[in-house]
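The values are calculated or read from the model by the stated rules, or taken from the named source; none is laboratory data. All values derive from a computational prediction rather than experimental measurement. Here Cβ is always computed from backbone atoms with ideal geometry, including for glycine, and neighbour counts include all displayed protein chains.
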Amino acid sequence: MAPGCQLIVTVPGGPMCEFYRHIGHRRHYTTDSLGEVLGRAGFQVTHTYAAGFPFFNLFRVAITLRGDKLVADATGKPSGPMRAAMALFDFLFRFNLRRWGWQILAVARKG
């Protein structure tokens, strides 16, 4: 990165479940843990956010409750109820608050 450029990072936070392991998540972060990782990599963190409340968090709860059954649902053609649920959450995500939730974001500059 050129000096003075901003890096914007988004990583998963909140509880881990079998579906997230299936799609490749190795860990979930907090605002503090993401800031520590970026700091060790030589970045100066200017902001961290925990975004996505309330609808992204509700989506995550639904995924967690569905558990490993969701892995099977997601590997084939989506069912009608699955498509309807995704369309609903796609709409609701537009109303999430940007300062609280389970999607972790950071803005940083190279030190």
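Within the group Leu38, Leu88, which residue is at pLDDT 80 or above, among the aliphatic types (A, V, I, L, M), surrounded by 15 or more Cβ atoms within 10 Å (Cβ to Cβ) and more than 15 Å from Phe19 (Cβ to Cβ)?
The conditions single out Leu38.
Of the set (1) at pLDDT below 90; (2) touching a strand residue (DSSP E or B) at 6+ places or on another chain (Cβ under 7 Å); (3) of a type in the set (A, V, I, L, M, F, W, C), all apply to Val107 but (1).
Scan the range 67-77 and give yes if some residue there is surrounded by 14 or more Cβ atoms within 10 Å (Cβ to Cβ), small (Gly, Ala, Ser) and touching a residue at least 60 places away in the same chain (Cβ under 8 Å), otherwise no. No; the residues of the range 67-77 include none that is surrounded by 14 or more Cβ atoms within 10 Å (Cβ to Cβ), small (Gly, Ala, Ser) and touching a residue at least 60 places away in the same chain (Cβ under 8 Å).
Per the listing Gly67, Gly52, Gly24, Gly35, the residue uniquely under 19 Å from the mean Cα position of the chain (by Cα) and closer than 21 Å to Phe95 by Cα is Gly52.
Tell me whether the range 92-99 contains one or more residues that are assigned to a helix (DSSP H, G or I), out of contact with any Asp or Glu (no Cβ under 9 Å at 6 or more places or on another chain) and among the polar types (S, T, N, Q).
no
Regarding the range 4-19, can at least one residue be identified that is under 16 Å from the mean Cα position of the chain (by Cα) and among the charged types (D, E, K, R)? Among the residues of the range 4-19, at least one is under 16 Å from the mean Cα position of the chain (by Cα) and among the charged types (D, E, K, R), which makes the answer yes. Of the conditions (1) closer than 22 Å to Trp100 by Cβ; (2) in contact (Cβ under 8 Å) with a residue 60 or more places away in the chain; (3) surrounded by 11 or more Cβ atoms within 10 Å (Cβ to Cβ); (4) touching a strand residue (DSSP E or B) at 6+ places or on another chain (Cβ under 6 Å), Ala51 clears all except one; give me its number. (2) is the only condition that Ala51 fails.
Within the range 1-18, the set of residues being more than 21 Å from Ile63 (Cβ to Cβ) and not in a strand (DSSP E or B) comprises Met1, Ala2, Pro3, Gly4, Cys5. For the range 19-68, name all the residues that are in a strand (DSSP E or B) and of a type in the set (Phe, Trp, Tyr). Of everything in the range 19-68, those that are in a strand (DSSP E or B) and of a type in the set (Phe, Trp, Tyr) turn out to be Tyr29, Phe43, Tyr49, Phe53.
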